[in-house]
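The values are calculated or read from the model by the stated rules, or taken from the named source; none is laboratory data. Keep in mind that what you see is a predicted model, and the values were worked out from it rather than measured. Virtual Cβ from ideal backbone geometry, glycine too; neighbours counted across all protein chains shown.
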Amino acid sequence: MSRITEKKDFKTLICLFSIEIILLSVMMIVAHFSLKNDVVQTKSHSEFSGSIDAVSNNILKKSFNGEGLSAFNKLENNISSEDTGELCKFYTFNLSDDGITSNLLRSVKNTQMNGIATNTATSTVIQPAVSDFSLGAFKIHNDYVNQRLDLEEILSKPLIIEPMDKSSILIYHVHASEGYCHTEADKYKLNSHTIEGEEDNVVAAGNALQNTITSKSGIKVLHDKTLFKEGLESSVSYNNAAKKLDEIYKTNDNIKLQIDLHRNSAISNNKKYGPTVEANGIKYSQISFVIGLDWDPKTGDRSDKTNPYWEDNFKLCMLITEKLEEKVPGICRRIELRRNPYNQNYAENSLLTEIGFAGNLFSEAENTAKLLGEVINDIYG
């Protein structure tokens, strides 16, 4: 018996059972009033139930090539095991000039649906470099990509988040010594930008992110704290980090989310720049994301094989931006586009995030890292 035929039979069976229930309800009402008026004598309960079973089994035999109830049970078990796998989270998006919002649906992984639920935005096109694009709090800065990108194409499919039962999250740092200020006076130390170890730097922010995720959701988090000293200001550090990622993925093939945590750097008015936003008396550093696309760094050619995940990474950044802005308006600075993958081609979902600037106090960056952890828990938990 083919699966298609079985499914049709199953639907037919449900319809027939529904009709039977209606008929039985009518019969019971008629029998009740008949007894009350001493007009007729009904069958005993056992006889009545037996007749129902006979009718049901007769319907089953006709629907399942004479196999009766056993065939129905077999089909029911098959559908349960084959068609109702673990439910994934499907995020679709609403686009408007006021911003981007998401919708959460749950279904099996192979469910087909459009990634855009509604679109009333005046424009969804990100122009070639150099350009800026915004929809409400969702801002994109493009310094490097010399081709137009269209959100309608990027969001043609939803973002799918699979269950994290046996999966894990990886946090690492291509530039592990990027530091923050410990005191206000540190903002004027213009020649001091790096701090090794695990205090007042991105590794410490990574610890805060890790602790928030594990304490609230129980999701396993791997935090690699390797310091890649060579080539801090060049692509060499990304190449060295890629070698480390190769080692990590050889023994951890269940990583669902990869986070490369950085901080930004700028000088303003003769001191380190460190903008903040405040909510409920708490100061947060701003956060930004970098999306690496699919240009091959060696050949300069664009290829799906270079980074097949960049569109999903794009959707994830959009979703996280929405959730962060709901908690603390103004906390998201922008999303920046890059041609090269920046090691975001290792996992299905990869983030390169910059939490704060060198001029931010570590406490401000730590607060933002914890907030990011809460949002990740909301999405992956």
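For beta carbons closer than 8 Å, sequence separation of 6+ or different chains, a first residue in segment 254-278 that is in the same structural domain as THR226 (by TED's automatic domain parsing) and more than 24 Å from LYS220 (Cα to Cα) and a second that is of a type in the set (Lys, Arg) and part of a loop (DSSP other than H, G, I, E, B), the qualifying pairs are LYS272/LYS189. Please work out which residue is nearest to ILE213 (Cα to Cα), limiting yourself to segment 256-297 and to residues that are in contact with a helix residue (DSSP H, G or I) (Cβ under 7 Å, 6 or more places away or on another chain), assigned to a strand (DSSP E or B) and aliphatic (A, V, I, L, M). Per the stated criteria, the residue is LEU257.
Residues checked against (1) more than 18 Å from the chain's Cα centre (by Cα); (2) part of a helix (DSSP H, G or I); (3) modelled with pLDDT under 95:
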{"position": "LEU170", "(1), (2), (3)": "no, no, no"}
{"position": "ASP186", "(1), (2), (3)": "yes, yes, no"}
{"position": "ASN191", "(1), (2), (3)": "yes, no, yes"}
{"position": "ASN207", "(1), (2), (3)": "yes, yes, no"}
{"position": "ILE213", "(1), (2), (3)": "no, yes, no"}
{"position": "LYS216", "(1), (2), (3)": "no, yes, yes"}
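Restricting ILE219, ILE213, ILE255 to those that are surrounded by 16 or more Cβ atoms within 10 Å (Cβ to Cβ) and closer than 23 Å to GLY356 by Cβ reduces the list to ILE213. The residues of segment 222-241 that are of a type outside the set (S, T, N, Q), in a helix (DSSP H, G or I) and surrounded by 16 or more Cβ atoms within 10 Å (Cβ to Cβ), listed by number, are TYR238, ALA241. When ALA365 is tested against (1) of a type in the set (A, V, I, L, M); (2) in contact with a Lys or Arg (Cβ under 8 Å, 6 or more places away or on another chain); (3) surrounded by fewer than 23 Cβ atoms within 10 Å (Cβ to Cβ), just one condition goes unmet, and that condition is (3). Within segment 302-316, the presence of a residue that is crowded, with 20+ Cβ neighbours inside 10 Å and over 24 Å from TYR249 (Cβ atoms) is excluded. Exactly one residue out of THR353, THR368 is assigned to a strand (DSSP E or B), at pLDDT 95 or above and out of contact with any helix residue (DSSP H, G or I) (no Cβ under 6 Å at 6 or more places or on another chain): that is THR353. The sole residue among VAL277, VAL290 that is under 17 Å from LEU371 (Cα atoms) and either more than 24 Å from the chain's Cα centre (by Cα) or among the aliphatic types (A, V, I, L, M) (or both) is VAL277. When we screen GLY359, GLY373, GLY300 for residues that are assigned to a loop (DSSP other than H, G, I, E, B) and in contact (Cβ under 8 Å) with a residue 24 or more places away in the chain, the only hit is GLY359. Selection of segment 258-298 for residues being surrounded by 15 or more Cβ atoms within 10 Å (Cβ to Cβ) and either among the polar types (S, T, N, Q) or on the phi > 0 side of the Ramachandran plot (or both) yields GLN258, ASN264, SER265, THR276, SER285, GLN286, SER288.
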